[in-house]
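Before any comments, here is the structure.
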Amino acid sequence: MSAQILDGKATAAAIKSELAVRVEALKARGVTPGLGTLLVGDDPGSRWYVNGKHRDCAQVGIASIQRELPDTATQEEIEAVVRELNDNPDCTGYIVQLPLPKGIDTNRVLELMDPAKDADGLHPVSLGRLVLGIEGPLPCTPYGIIQLLRHHGVTINGAHVVVVGRGITVGRSIPLLLTRKSENATVTQCHTGTRDLAAQLKQADIVVAAAGVPHIIKPEDVKPGAAVLDVGVSRDEHGKIVGDVHPGVAEVAAWISPNPGGVGPMTRAQLLVNVVEAAERAAG
Ligand SMILES: Nc1nc(=O)c2c([nH]1)NC[C@@H]1CN(c3ccc(C(=O)N[C@@H](CCC(=O)O)C(=O)O)cc3)C=[N+]21
């Protein structure tokens, strides 16, 4: 048996063509959504991601506002750009590419962002709204994963989901989404303090592997017929992506997300959704 593919590339393309229509409608009302990015330093990986986000914007008609600072930038210089983006009417949503250089207080930078322009869905106000059930931008990777499952008809309602990892961008926030009435899953969160990860995984109808540990999910730990989402992006010595999911899992699972080509493109598509929805909210 070989698992069916949760095709992030194709699903993201479908979301993008739907978004292009909404962007046209906004433009007809005199509003052009604009995504801002702030990149600090010249890490080639970060630059590559940021460029990809602007390519995505061009595809759906969203304007791009690119800001860059050298890795020697001070806290004050970074905060000045954040204030400029907050005040810039062409920028309807933006992200501060993470990680920021050592010595920078990242939380102070993120808290300074206008929550109405939070494209990542990770601003403290956005996460608070998510907990309280108030409408707002949703964290991109978690919501991208849910869209990927829905698009392929994988049942979330009533499913037992095992999340591996507790990082802010995925592990910490995806249980908040999955346990909403609209998703209605039962969630177990595993992390480095979990005593018997294999025993937990065996119970899972859906596994979200977001530990950042290469091949931590092994075929013998996965329940036959499960859906497995590979969020990990470690790199081998040749710079090739190594996911959290061992390739042998494809012989046991019913559904698997490829990596690359799975969760990554969905994260980028959801960023665009957040920008368009922020512009729609601002337009009233
Ligand atoms: N403020 C902020 N927001 C982020 O969302 C954010 C960030 N900082 N810092 C870095 C991480 C990483 N991240 C990725 C998004 C898409 C792919 C992606 O689309 N990957 C492709 C290609 C991968 C490749 O070949 O390199 C794929 O999976 O198919 C990867 C990684 C967003 N991040």
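The values are calculated or read from the model by the stated rules, or taken from the named source; none is laboratory data. Please read all numbers here as calculations on a predicted model, not as lab measurements. Cβ atoms come from the backbone with ideal geometry, glycine included; neighbour counts cover every protein chain shown.
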> When residues of the range 233-268 are filtered for being assigned to a loop (DSSP other than H, G, I, E, B), within 13 Å of the ligand (Cβ to nearest atom) and surrounded by fewer than 24 Cβ atoms within 10 Å (Cβ to Cβ), how many remain?
Replying inline: 9
> Which members of the range 178-205 meet the condition of being acidic (Asp, Glu) and touching a residue at least 12 places away in the same chain (Cβ under 8 Å)?
Replying inline: 183, 205
>> Of everything in the range 113-129, what is farther than 17 Å from residue 275 by Cα and either touching a strand residue (DSSP E or B) at 6+ places or on another chain (Cβ under 8 Å) or outside any helix (DSSP H, G or I) (or both)? Give them in sequence order.
In response: none
> Which one of 138, 85, 110 is within 15 Å of the ligand (Cβ to nearest atom), surrounded by 13 or more Cβ atoms within 10 Å (Cβ to Cβ) and in a loop (DSSP other than H, G, I, E, B)?
Replying inline: 138
> Within the range 88-104, which residues are in a loop (DSSP other than H, G, I, E, B) and within 16 Å of the ligand (Cβ to nearest atom)?
Replying inline: 91, 97, 98, 99, 100, 101, 102, 104
>> Please count how many residues of the range 116-128 are farther than 16 Å from residue 168 by Cβ and either surrounded by fewer than 23 Cβ atoms within 10 Å (Cβ to Cβ) or small (Gly, Ala, Ser) (or both).
In response: 1
> What are the residues in the range 1-45 that are in a loop (DSSP other than H, G, I, E, B) and in contact with an Asp or Glu (Cβ under 6 Å, 6 or more places away or on another chain), if any?
Replying inline: 41
> Of the residues in the range 55-73, how many are part of a helix (DSSP H, G or I), among the aliphatic types (A, V, I, L, M) and closer than 11 Å to residue 34 by Cβ?
Replying inline: 0
> Can residue 171 be described as under 23 Å from residue 9 (Cα atoms) and out of contact with any helix residue (DSSP H, G or I) (no Cβ under 7 Å at 6 or more places or on another chain)?
Replying inline: yes
>> Please go through (1) within 12 Å of the ligand (Cβ to nearest atom); (2) outside any helix (DSSP H, G or I) for residue 157 and return the number of the only condition it doesn't satisfy.
In response: (1)
> Could you say whether any residue in the range 214-223 is at pLDDT 95 or above, within 23 Å of residue 9 (Cα to Cα) and either assigned to a loop (DSSP other than H, G, I, E, B) or in contact with a Ser or Thr (Cβ under 7 Å, 6 or more places away or on another chain) (or both)?
Replying inline: yes
>> Quick check on the range 182-199. Is at least one of its residues surrounded by 21 or more Cβ atoms within 10 Å (Cβ to Cβ) and farther than 26 Å from residue 126 by Cβ?
In response: no
> If you go through the range 253-266 one residue at a time, do you hit one that is farther than 22 Å from residue 15 by Cβ and touching a residue at least 60 places away in the same chain (Cβ under 8 Å)?
Replying inline: yes
